[in-house]
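Computed from the coordinates by the stated procedures, all read-outs in this text should not be read as laboratory data. Just so it is clear, the structure is predicted and the values come from calculations on it, not from any experiment. With ideal geometry, Cβ positions are generated from the backbone for all residues, glycine too; neighbour counts draw on all protein chains shown.
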């Protein structure tokens, strides 16, 4: 990474954060720094109902069970025109104009094509985003 800085291809080396999202968004926006979103599929929880044991909480304090509960609370909002829940997750991550990329691991070329297809679908409908925001504000109904 340092060699990219030395060659003038980038000014900064990245970091990750699992909290203080508002501060991170402010910094990336005000400093015109790129932001990449990670764990868009909640470490596999959104991608499939099959649990392999490799899943992990989205944030350090989260557990897989809570991520499953969150996903289950979102499913009734999805309609056929929104497409697969994995595409919805990718499109949701892209809702912030400061997001410059999404980190994703893909063992097969068709997975890359799937992600590109999701991005090409464009933003999710405002009404659905509003419903997602309401759910998040209510902690997805989790006590």
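Descriptive notes on the structure:
- Residues 113, 69 arranged by fewest to most Cβ contacts within 10 Å: 113, 69
- Nearest 10 degrees, 0 to 90: helix 64-74 Cα axis against the chain principal axis: 70 degrees
- In plain terms, the residue of 12, 82 with the fewest other Cβ atoms within 10 Å comes first and the most crowded comes last, giving 12, 82.
- Dimensions of the range 39-141 based on its C-alpha atoms, expressed as ranges along the principal axes with the largest first, amount to 33, 31, 28 Å.
- The chain: calculated mean residue ellipticity at 222 nm from DSSP helix runs of at least 4, using -39500 (n - 2.57): -12000 deg cm²/dmol
- Mean separation of Cα pairs under 8 Å and 6 or more residues apart, divided by the residue count, gives the range 74-131 a relative contact order of 46 percent.
- Classified by the C-alpha gyration tensor, the range 79-132 has an oblate form. Its axis ratio a/c, with a ≥ b ≥ c, is 1.5 or above, and a/b does not exceed b/c.
- Length released on extending from residue 106 to residue 136, taking residue separation times 0.36 nm less the Cα-Cα span: 8.0 nm
- Take every pair of alpha-carbon atoms less than 8 Å apart whose residues are at least six positions apart; their mean separation over the length of the range 39-141 yields a relative contact order of 30 percent.
- Spacing of the modelled spin labels on residue 5 and residue 38, each 7 Å from Cα toward Cβ, amounts to 1.8 nm.
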